[in-house]
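First comes the structure, then the notes that go with it.
The values are calculated or read from the model by the stated rules, or taken from the named source; none is laboratory data. Model, not experiment: these values are computed from the prediction. Please note: Cβ atoms are built from the backbone with ideal geometry, for glycine as well, and neighbour counts cover all protein chains shown. Please note that ligands, DNA and RNA were not included when accessible areas were found on the heavy atoms of the full protein model with its side chains. Shrake-Rupley method; radii C 1.70, N 1.55, O 1.52, S 1.80 Å.
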Amino acid sequence: MTNHTKWGEVEEDWAGFSAEIEFKSDLFFDKNITIFLGDEYDEDGEELEFPPTKDQLDIFYSSYSKFMENIGMLVKDIKIKSYERFSKLYQNKEGIPKINDAEEHFQYLKDVNYIRISENTIIRIPIHYSEIDREHGLEIHIDVSSLKIKIGGIAET
């Protein structure tokens, strides 16, 4: 367990190391969301055993701050890009709800697993997409250094 001035207690959790504070925004999701700091696995696929260092936590907080400063613009982009993906892959398929626009589609992006902040200024937000794709889910991938967003299936981005 590590204590950080911005993150509070950082401790091992079910998917890596999580912060004491949680994400909450009226623009985005309607619940408090766990924030994981750093990746869950190393390059060999082994679970990370040691918590992030103070320097890593500072970098994560810098990424998180930039994310929060730009959340309005990012949410607009997420709405557009996720609806574009939906339209390309799922629109007019049997068993998929009829969705007419990005605002309506955004209502399907509320069941968030967690937010993960990585060292390379990447924020990943995996989402249960159960009413649309029960198998694959959806993942938002944000590079906060450039404020670029990718949308894909979980672990595809």
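Annotations
- Label-reachable residues, the stretch 68-101, where backbone N falls under 20 Å from a point 7 Å from SER130's Cα toward its Cβ: 95-99
- In this label model, PHE50 and GLU103 are separated by 5.1 nm, measuring between points 7 Å along each Cα→Cβ vector.
- Relative contact order (%) - criterion: Cα under 8 Å, at least six apart; region: the stretch 63-130: 28 percent
- Computed in the context of the full set of protein chains, the accessible area of the chain at 1.4 Å probe radius has 46% of its extent on carbon or sulfur.
- Computed Kirkwood radius, in angstrom, where 1/r is averaged over Cα pairs of the stretch 35-125: 15.5 Å
- Note that the chain presents 56 Å² accessible area per residue, ligands and nucleic acids not counted, probe 1.4 Å.
- Report summary: the helix-based calculation at 222 nm, which adds -39500 (n - 2.57) for every DSSP H run with n ≥ 4 and divides by the residues of the chain, gives -8000 deg cm²/dmol.
- Ordering HIS4, PHE17, LEU109 by the projection of their Cα atoms onto the charge dipole of the stretch 1-113, which places +1 on the Cβ of Lys and Arg and -1 on the Cβ of Asp and Glu, puts LEU109 at the extreme positive end.
- Spin-label model, LYS93/LYS81: points 7 Å from Cα along the beta carbon direction are separated by 2.1 nm.
- Using alpha-carbon coordinates, inclination of helix 54-69 to the longest axis of the chain, degrees: 30 degrees
- Relative contact order for the stretch 35-157, counting Cα pairs under 8 Å that sit 6 or more residues apart, in percent: 24 percent
- Net charge of the neighbourhood of LEU57, taken over other residues with C-beta under 11 Å away and scored Lys/Arg +1, Asp/Glu -1, is -1.
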